[in-house]
Amino acid sequence: MRTTSTRPTAPSTAGTVEYAERPARQEDAETTHVLDVAETTFALLTRGPAPLSVDGAVLGCGLPARKIPLDELRAILLHPATGHHTRDIVWKELIERARRKGSSWVMGCVGIALPGLKAVVRDRLRRLDNQPGTGTCDVAGEFLTAFYDALLTIDLERPKIAVRLLAQSAKVVERQYRPRARVVPVDPSTLARVAPCSSPSNGTVDELLEAAVRQDVISRVDAEIIAATRLDGVAPAELAERLGTSYDALMKRRRRAEMRLVEAMRGNGLRDDLGYLMSKTGV
């Protein structure tokens with residue numbers, strides 16, 4: 001069952017929905033992060049004499065029986081003690097208000113979802129855009145737009161609404177970028193011979209490594225060694241010193257891990273565990 005509604009006006013964040021994400025391994029203080037702008041807007045909407053709020057007494061589910069400002073509500077939803085049923089009740093109410101009342105409540109939904117939005121950009125989408133100097137500006141802006149569109153179409157009768165919001169939005173962006181994505185081989189002497197169709201569906205090395213760790217192809221330490229030396233430009237000798245091992249031992253370990261990756265990709269490929277990622281976003 002799909003709920004239909006009148007399309008509300010999209011929220012404005014400084015006149016644009018393009019932004020620059022700060023990658024986990026890089027510092028970029030020159031560009032304002034649009035999700036920081038969204039956070040500021042969300043803060044303004046939840047302060048003052050009439051903050052955006054929901055009535056906990058009406059929603060029930062063990063929520064405080066009073067008006068709950070959305071910033072406090074976000075903290076409640078992020079708490080480990082809050083169950084999926086309560087989160088779905090709250091998200092259904094928020095999305096219905098966004099569909100009926102427009103931009104303020106759309107931005108309220110964005111604000112509630114910001115921890116998850118940031119996590120997906122950081123962990124899943126940040127390497128899709130290979131344009132020099134852009135960081136994740138374009139891909140993150142498109143992710144925010146896709147999230148807005150998902151608010152209008154998501155099925156509110158199925159469970160785990162927030163998880164599906166993020167998943168649906170991420171998949172839209174991945175489909176847009178997949179034809180342009182460039183796979184960076186972790187070992188030119190081996191992965192260069194692997195057919196492109198064997199690569200993970202999102203075409204990024206970070207996601208390949210994350211999937212390989214989850215599926216016990218390589219260890220977490222192996223993945224960090226590959227990421228540090230292949231993607232982040234850390235000198236193997238420097239990393240070996242940090243880890244308290246020799247250069248030769250580090251290079252042998254990396255080589256063995258990359259060979260296991262090659263074998264996994266030559267088989268049926270690494271599974272696309274989007275559901276696992278969505279369960280770790282805290283929403």
Which of the lysines could a cross-linker span from Lys101 if the Cα-Cα distance has to be under 22 Å and same-chain partners fewer than 8 positions apart are dropped?
Lys67, Lys92
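What's the local net charge at Ile68, with K and R +1, D and E -1, over the other residues with C-beta under 15 Å away? Don't jump to the answer; show the numbers that get you there.
On the way: positive: Arg47, Arg66, Lys67, Arg74, Arg87, Arg97; negative: Asp55, Asp71, Glu72, Glu93.
Local charge sum for Ile68: +2.
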Just grab the label-to-label distance for Leu78 and Thr153, each label 7 Å out from Cα along the Cβ direction, in nm (one decimal).
3.0
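Go through Glu258, Glu96 and list them by solvent-accessible area, largest first, probe radius 1.4 Å. Please list the in-between numbers first.
Numbers: Glu258 0, Glu96 60 Å².
Per-residue accessible area, sorted high to low, gives Glu96, Glu258.
The values are calculated or read from the model by the stated rules, or taken from the named source; none is laboratory data. Remember, it's a predicted structure, so these values are computed and weren't measured experimentally. Virtual Cβ from ideal backbone geometry, glycine too; neighbours counted across all protein chains shown. When the accessible area is computed, the model is the full protein with side chains, heavy atoms only, and any ligands, DNA or RNA have been set aside. Shrake-Rupley method; radii C 1.70, N 1.55, O 1.52, S 1.80 Å.
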